[in-house]
There are 2 protein chains.
Amino acid sequence: KICDRLNSSTIVLLPGLIDVHVHMREPGQTHKEDWYSGSAAALAGGITCVLAMPNTHPEIIDGDTLALALELAEQKAVCDFGHYLGASKSNAATLPSAAGNACGLKMYLNETFTTLMIANDVETWHEHFEHWPHDKPIVVHAECQSLAAILLLAHLYDRHVHVAHVARKAEIITIVKAKKRGINVTCEAAPHHLFMTQEDADRLGGRGQVRPCLVRAEDREALWANIEYIDCIATDHAPHTVSEKDSDRAPPGFPGLETSLALMLTMVKQGRLSLQDVVDKMCHNPRRIFNIPEQPDTHIEVDLDAEWEIPASPRHSKAQWSPFTGTKVSGLVRKVRLRGQVVYSDGQVLAEPGYGTNLFGQRAPRTSVVDSPSLPRQHHHAVSAG
Amino acid sequence: KICDRLNSSTIVLLPGLIDVHVHMREPGQTHKEDWYSGSAAALAGGITCVLAMPNTHPEIIDGDTLALALELAEQKAVCDFGHYLGASKSNAATLPSAAGNACGLKMYLNETFTTLMIANDVETWHEHFEHWPHDKPIVVHAECQSLAAILLLAHLYDRHVHVAHVARKAEIITIVKAKKRGINVTCEAAPHHLFMTQEDADRLGGRGQVRPCLVRAEDREALWANIEYIDCIATDHAPHTVSEKDSDRAPPGFPGLETSLALMLTMVKQGRLSLQDVVDKMCHNPRRIFNIPEQPDTHIEVDLDAEWEIPASPRHSKAQWSPFTGTKVSGLVRKVRLRGQVVYSDGQVLAEPGYGTNLFGQRAPRTSVVDSPSLPRQHHHAVSAG
Ligand SMILES: [Zn+2]
Ligand SMILES: [Zn+2]
Ligand SMILES: [Zn+2]
Ligand SMILES: [Zn+2]
Ligand SMILES: [Zn+2]
Ligand SMILES: [Zn+2]
Ligand SMILES: [Zn+2]
Ligand SMILES: [Zn+2]
């Protein structure tokens, strides 16, 4: 399926990417995805660290369920990771004791693929803002007025909030105004909201179901017009199987790990973004915002000139479909090095399950490189031809 | 129905009260109320200025409809008044040209007895905050998350918002925190939310329908615990007829003009409020917040010791029922003087229809007192025994 133009390949070395918004579906729904398949899909997309959402079965809402999820990840993951805790109606006071092993708190303020919903429950919101440690991010699924509402709480409690998957004009203009007014807010956009509209949703039928919905061209254009204020590109990788998506009750969610970098690099090719923008939004900003420890000697080799068409079924995710099937893109991940080890090369995962590590845990990450100051090392900030 | 204890009457002179939230139902639904019956009910409750909401038929959403409403009011009102303009999806840019004759902008952000709803439409909210004159209040029907959301806009645009009928704990704690953080927000509570809960709603059946709903005792207690942060007591007088309220599809809304002062004075009797609190929340704060011109020589005579039971059918409103029927209260309006003329005395309206005047209009209010500096005049701030 991959048709390189070998006569003009430009290999660049980029830092390993960070995706702050993925759904690994394990525990509980491993027919959709598991920590091995999901983290393999991440590597194929050039992503060496994923932050996993808590709407699994069971939900990750306390120390015990977090320990369960982290144990599964530590056994199976081939990329590094962090894990969110989920805010429920009743866990605000007890969550902080488990926060040390988590990358952040996730609050679901609108209906989506979860039962972890605290929509319109402003009393509970206040509780979480009071109790959750000040130095750990709060990430919100907050659309339209829910977004404005939770940004008020960010201001009232003088703390940081990160907004997941900005999709609408009203949302991005509210965020831009909030940033300009000094509110401590960051945000991410998903490639599907940057590239698709409700017309695509109509064309895709059940497969087009996603939350936030695909919306108007005007909304998509507002995201691009304010792209400088969008701190992160995150996939919201939310895999469901083809038969689930093609059923009468298609659950919302798109897979995205294997296609996000190529989609963004295609925008570089078209001049809408610089390569530095992509590295900032897919690595530097996520690392800074989520205070993710550096992963030493971690790089990806990308062929910027490789042109390919997104296939019917990307290789690694159990989702086995893509909303972008048929889209022509430029830029292919050749090799991934994670903490000194080549973990992915030309479509093959080379790392053993469990090589990935929790970057927010008590245990120090394993590394196969001796961190010697006398050894000249490529710093990941550099974008250099290989 | 009124059983005075004549042996112990304490007559006080208070300033004429201001109710910043009433529904006069005219134009369009004069079987529920009209400007004469509604303003007569106001005088009976000691209220000499009402601010009327725009959800009439037609809705008051531009200069022409505002002129229509003001003309009706000027013909029939026996108390002074102001009128709101209503925010719609499409009138943000054109409203300011009519703002000079209005007391403020009303935004309906939740479902209630109106079609003027812009719930969750954050793009439209931004438009109104951009266009509406900075020196005129924006009043919001905003419950729960809508309230938090619109307070963010107050902060982003650095402008004043007045919150109608605060009803829930989450709402008052959000407002208190916003005030402490320096956001320019004021608020009102309605007597029914200060005195009743969902148990009363259950008891009252269709008559118990109101928006915001009657809620938990915990919500009511949170209002009292934060009573110092509640700037105004406003009735949200929203009359419907008995047969409408007793029908299968009871519309939401309570009458309140004839009972609010007595309910509040009963709290003074019980020591929960001072008389000064009542005057502040029912006159001084509304006047300051809405920049209402002074009404010279305007006073009410109240017998603080008169005890009475709220009747099945208060006298003046066409609603002809009350959610407070049977409640024993202390404090009765004996006489109302409006701009030098006795307009109400012991149950009788003495003013001619049309004596009331628009306090926000271009025309100066008529007054029958010569405003001479040599004449010693009672200033309305004084609370004195008569
Ligand atoms: Zn608590
Ligand atoms: Zn989400
Ligand atoms: Zn998600
Ligand atoms: Zn970096
Ligand atoms: Zn405009
Ligand atoms: Zn209302
Ligand atoms: Zn109202
Ligand atoms: Zn005064």
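Comparison of B:Arg181, B:Arg168, B:Arg159 shows that the only residue that is in contact with a strand residue (DSSP E or B) (Cβ under 8 Å, 6 or more places away or on another chain), over 18 Å from B:Gly253 (Cβ atoms) and not aliphatic (A, V, I, L, M) is B:Arg159.
Of all residues in the stretch B:122-132, which are more than 23 Å from B:Ile172 (Cα to Cα) and either more than 8 Å from every other protein chain (Cβ to nearest Cβ) or within 16 Å of ligand 2 (Cβ to nearest atom) (or both)? So that I can check it myself, show each step before the final result.
Just the residues of the stretch B:122-132 that are more than 23 Å from B:Ile172 (Cα to Cα), to begin with: B:123-124, B:126-128, B:130-132.
Listed by number, the residues that qualify are B:Thr124, B:Glu127, B:His128, B:Glu130, B:His131, B:Trp132.
Among residues of the stretch A:133-158 that are within 8 Å of chain B (Cβ to nearest Cβ), those with a beta-carbon under 6 Å from a residue that is charged (D, E, K, R) and surrounded by 24 or more Cβ atoms within 10 Å (Cβ to Cβ) at least six positions away or on a different chain give the pairs A:Leu147/A:Glu171. Of all residues in the stretch B:173-196, those that are surrounded by fewer than 22 Cβ atoms within 10 Å (Cβ to Cβ) and within 14 Å of another protein chain (Cβ to nearest Cβ) total 9.
Looking across B:Met117, B:Met107, one residue alone is crowded, with 24+ Cβ neighbours inside 10 Å and either of a type in the set (A, V, I, L, M) or within 13 Å of chain A (Cβ to nearest Cβ) (or both). It is B:Met107. Here A:Thr298 qualifies as of a type in the set (S, T, N, Q) and farther than 15 Å from A:Thr259 by Cα. Counting only residues that are away from every other protein chain (no Cβ under 14 Å) and either among the basic types (Lys, Arg) or within 15 Å of ligand 3 (Cβ to nearest atom) (or both), the stretch A:82-97 holds 6 of them.
Output the helices (runs of 4 or more DSSP H) that fall wholly within the stretch A:255-324 and possess 2 or more residues being in contact with a Leu (Cβ under 8 Å, 6 or more places away or on another chain), or say none. If you could, list the steps in order and put the result at the bottom.
Working: elements: A:260-269, A:275-279, A:285-289.
Where helices (runs of 4 or more DSSP H) fall fully within the stretch A:255-324 and carry at least 2 residues being in contact with a Leu (Cβ under 8 Å, 6 or more places away or on another chain), they are A:260-269, A:275-279.
Looking across the stretch B:48-57, the residues that are closer than 25 Å to B:Thr114 by Cα and not in a loop (DSSP other than H, G, I, E, B) come down to B:Cys49, B:Val50, B:Leu51, B:Ala52. Residue count for the stretch A:200-216, restricted to those that are part of a helix (DSSP H, G or I), open to solvent by 50 Å² or more (accessible area, probe 1.4 Å) and touching a residue at least 12 places away in the same chain (Cβ under 8 Å): 1.
When the residues of the stretch B:67-101 are filtered to those that are within 19 Å of B:His57 (Cβ to Cβ) and among the hydroxyl-bearing types (Ser, Thr, Tyr), the one that is nearest to ligand 6 (Cβ to nearest atom) is B:Tyr84. Does the stretch B:143-155 contain at least one residue that is open to solvent by 30 Å² or more (accessible area, probe 1.4 Å) and away from ligand 4 (no atom under 16 Å from the Cβ)? No, the stretch B:143-155 has no match at all.
The values are calculated or read from the model by the stated rules, or taken from the named source; none is laboratory data. Worth saying up front: this structure is predicted, and the values here are computed from it rather than measured. All Cβ positions, even for glycine, are placed from backbone atoms using ideal geometry, and neighbour counts span all protein chains on display. Ligands, DNA and RNA are excluded from the accessible area calculation, which covers all protein heavy atoms including side chains. Shrake-Rupley method; radii C 1.70, N 1.55, O 1.52, S 1.80 Å.
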